[in-house]
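> Quick one: the structure is below, questions incoming.
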Amino acid sequence: MNKILTIIVGSKYGKKILESIDKSLYKEVFLLEGTGTSSSGLHYLLKLYDIKKDILSFIVSNENLDKIYSFLLDDIGLGNDLRGIAFDIDIEKFEEEDMDTDRRKEGFLYDAIFAIVDHGHSDNVILASERAGSIGATVLNAKGSGYEKRNPILELVVEPEKEVVLIISPHTKADAIIEAIDKDMNSGGKKNAITFAINVNRVEGLRG
């Protein structure tokens, strides 16, 4: 079974990882740009923590996954010297996801929550999620970073005017975050956000 291993780090660190990693450990890699947020909605709206991010998604086999995590933690310093996060999702699960949050299974510690909104509406999603306990998010732009191949994380985005808000949340808080987003974005009969969650197998670098 293959995994989608996604790494979110500060801008320009993605290139460093790509240059340093053993290329025999993965099958393909995709790079795009995003924006990270702080755990304070006020700071986010003031743009004090509007930090550019590199998002890398590797297609990795099961047998090489631990090796890449070890490289990120021991050689790159993810979560220590290098602020960032890494997580992996079963690729089959991601491809088959039907946006039904009830398909999430018990026993997983974290979920990846995705909220798809029109461009410019990610602020509202972030504020709603923080009220429900989220400590930050990454806004993924539909525009890539020079790679012609589409990042598998962004296969769910078909229009360039869309944004994806990605939140890594403890499983116990995921439902509350999704409900808060739905309450703010989809009230009054309007459907302004498509929100769903997928189980995350492992997370490294997440800070509470």
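Where a number appears in this text, it was derived from the coordinates with a stated rule and is not lab data. What you see is a predicted model; the values in this text were computed from it and never measured. Every residue, glycine among them, receives a Cβ derived from its backbone with ideal geometry; neighbour counts consider all protein chains shown.
> Could you list Met1, Met185 so that the one with the fewest beta carbons within 10 Å of its beta carbon is first and the one with the most is last?
Met1, Met185
> With a 10 Å Cβ neighbour count serving as the proxy for reagent exposure, in which order, fewest first, do Glu19, Glu28, Glu204 appear?
Glu19, Glu28, Glu204
> Taking 0.36 nm per residue of separation and subtracting the Cα-Cα distance, what length does fully extending Ile91 through Ile51 add?
Extra length available between Ile91 and Ile51 comes to 11.6 nm.
> With each pseudo-label sitting 7 Å past Cα toward Cβ, what's the Lys27-Arg83 distance in nm, one decimal?
Modelled inter-label distance: 3.5 nm.
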